[in-house]
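Only one structure is covered here, and it is reproduced in the block below.
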Amino acid sequence: MAGGGEGLAIPERTKRGKIVRRKKKRRIGFRIDLTPLVDITFLLLTFFMFTTTMLKPQIMEMRIPPEMYAKVEVRASELLTLLLTKENKLYWFKGIADETNKPQEIPISKLRMLAYEKNLEPMVKNKLITVLKISPEASYSKVIEILDELNLAEIPITEAISKELDEKGEPVKRQRKFTIAPLLEEDLKFIEGEGK
Amino acid sequence: MPKIKKKRMGFVIDLTPLVDITFLLLTFLMFTTKFKSEAEAEKQFTIRRPIATPDTTSLPERDLAIINIAIDDKNPTDTAYYYGITNVRDVPLIYQLVPEIPLEFQSKALIKVDTVILGKLIRATLSVRSSTRFAIDADQRIRFKWVEDAMNILRRNRAFVFNFVTEKKRPELEKKP
């Protein structure tokens, strides 16, 4: 509608017949004091920064078979045995230990390479069973170190195995065979200076 | 001749970017912080976890039963099992099934146990909530015997899948094959 601007005009009042114009109010800028808000924010920030832990624990999954009393026969040539003694020394041997095939000491740092080489040997490729025999007196941290090294070795092993193709033309799946067993006195028989 | 006094000028530092960053950090920390579970808060011991290569599998927060194998802080020769349940609602239901637990411990989410009670608690946990995951959180200084016994107890009570809790190895210490 025309003349709509009229409504926006400052209303005029009359006082004893005289027109009185309303004084325009001066706009005053205002400030909100944010200091308490910032104080609280800093306080909360400090609290969270001191109480938060960024490094969270992680997990290593284990699957154990149910108790079995039936004997399972396996080929000796497909066995890689690792022995962790009470002195936290690690030994390994393939097949069955005897006078000619004595367990050899190996540092844990070289275990990854050993697992890689032995698992990819042509005769036992994807068939090797790793048995970790642990002395009850061995340190738990060493056990985790060994399990960690074996887990890390799985990455290149799986990669190497999956490069081959099966009858259907699909990449061969890695079949990891691993078990933990207690270390017995007879396992130490062929280690020099141990079990005597 | 009198010295001409320099007119002191007041100055204003604009704190807006500082406050912006502070709010950003605060918001991030508030959203990412997870408070300790009741079982963790009740811990009276410290566990020095074994170190393993970092990966993406972190400790689950829900429906978890933790078997702590810890060395007493005051007496370093004293090792003991502690059983903790993260799901607080399950705690009274589990304890109901194990009458050996004294009344004063019924409200606690973490209790000191022996191997017999540990077995009963595992069985009770599985019967209350079969999806509960188990974890062994052991001190790296202990002998493997303690862990082996816990593993055997888990096996006997039909908990065939469990986790070892470890600390992440720092990346610079990592070895290449």
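The values are calculated or read from the model by the stated rules, or taken from the named source; none is laboratory data. For clarity, every value in this text was computed on a predicted model and none was experimentally measured. Methodologically, a virtual Cβ is constructed for each residue, glycine included, from the backbone with ideal geometry; neighbour enumeration extends over all protein chains shown. For the accessible areas, the whole protein counts, side chains as well, though only heavy atoms, and no ligand, DNA or RNA atoms are used. Shrake-Rupley method; radii C 1.70, N 1.55, O 1.52, S 1.80 Å.
Taking 4 °C and 1.567 mPa s as conditions, the range B:38-168 diffuses translationally at an estimated 87 µm²/s according to Stokes-Einstein applied to its Kirkwood radius (Cα pairs).
Each Lys and Arg adds +1 at its Cβ and each Asp and Glu adds -1 at its Cβ; summed about the Cα centre, the range A:76-188 shows a dipole of about 240 debye. For chain A, the membrane-span-like helices by this rule, meaning whole DSSP H stretches whose C-alpha atoms cover at least 20 Å of axis and whose Kyte-Doolittle mean is 0.0 or above, are A:35-51, A:140-162; this says nothing about an actual membrane. Computed from Cα positions, the angle between helix B:115-128 and the longest principal axis of chain B comes to roughly 80 degrees. According to the Cα-based calculation, Rg over Rh for the range A:76-188 is 1.00, with Rh computed by the Kirkwood formula. The sum of -39500 (n - 2.57) across all DSSP H runs of n ≥ 4, divided by the residue count of chain B, sets its helix-only mean residue ellipticity at 222 nm to -9500 deg cm²/dmol. The C-alpha atoms of chain B define a longest principal axis, and helix B:144-156 lies at about 60 degrees to it. With both labels modelled 7 Å from their Cα along Cα-to-Cβ, the B:SER131 to B:ASN75 distance reads 4.1 nm. Excluding ligands, DNA and RNA, the accessible surface per residue across the range A:76-188 is 51 Å² with a 1.4 Å probe.
Here the Gaussian network model covers chain A, with springs between Cα atoms less than 10 Å apart; of A:GLY169, A:GLY29, A:GLY95, A:GLY29 fluctuates the most.
Note on A:SER109 and B:ILE4: the model spin-label points, each 7 Å out from Cα along the C-beta direction, lie 7.4 nm apart. With a Förster radius of 56 Å applied to the beta-carbon distance between B:GLN96 and A:ILE28, the computed FRET efficiency rounds to 0.20.
The value of relative contact order for chain B, using C-alpha pairs under 8 Å at least six residues apart, is 27 percent. Beta-bridge orientation, the range A:76-188: approximately 40 percent antiparallel, per DSSP, counting only bridges with both partners inside. Take every pair of alpha-carbon atoms less than 8 Å apart whose residues are at least six positions apart; their mean separation over the length of chain A yields a relative contact order of 17 percent.
For the protein assembly as shown, the Kirkwood estimate of the hydrodynamic radius, built from every pair of different alpha carbons, is 26.5 Å.
For chain A, give the percent of accessible area contributed by carbon and sulfur heavy atoms, probe 1.4 Å, rounded to a whole number. Roughly 56 percent, rounded to a whole number. Leaving ligands and nucleic acids aside, the B/A contact buries around 4400 square angstrom of accessible area in total at a 1.4 Å probe radius. Among the chymotrypsin sites (Phe, Trp or Tyr not before Pro) in the range B:1-44, those placed in a DSSP loop whose Cβ has at most 10 other Cβ atoms within 10 Å are B:PHE11, B:PHE35. Take each residue of peptide A:145-156, count the partner chain Cβ atoms within 10 Å of its Cβ, and average: the result is 3.
Heavy-atom accessible area with a 1.4 Å probe sorts B:ARG170, B:ARG129, B:ARG155, B:ARG8, largest first, into B:ARG8, B:ARG170, B:ARG129, B:ARG155. Solvent-accessible surface, computed for protein heavy atoms with a probe of 1.4 Å, shrinks by 30 Å² or more for the following residues of the range A:30-44 when the other protein chains are added to the isolated chain: A:VAL38, A:THR41, A:PHE42. Across the range B:40-132, Cα pairs under 8 Å and at least six residues apart give a relative contact order of 28 percent.
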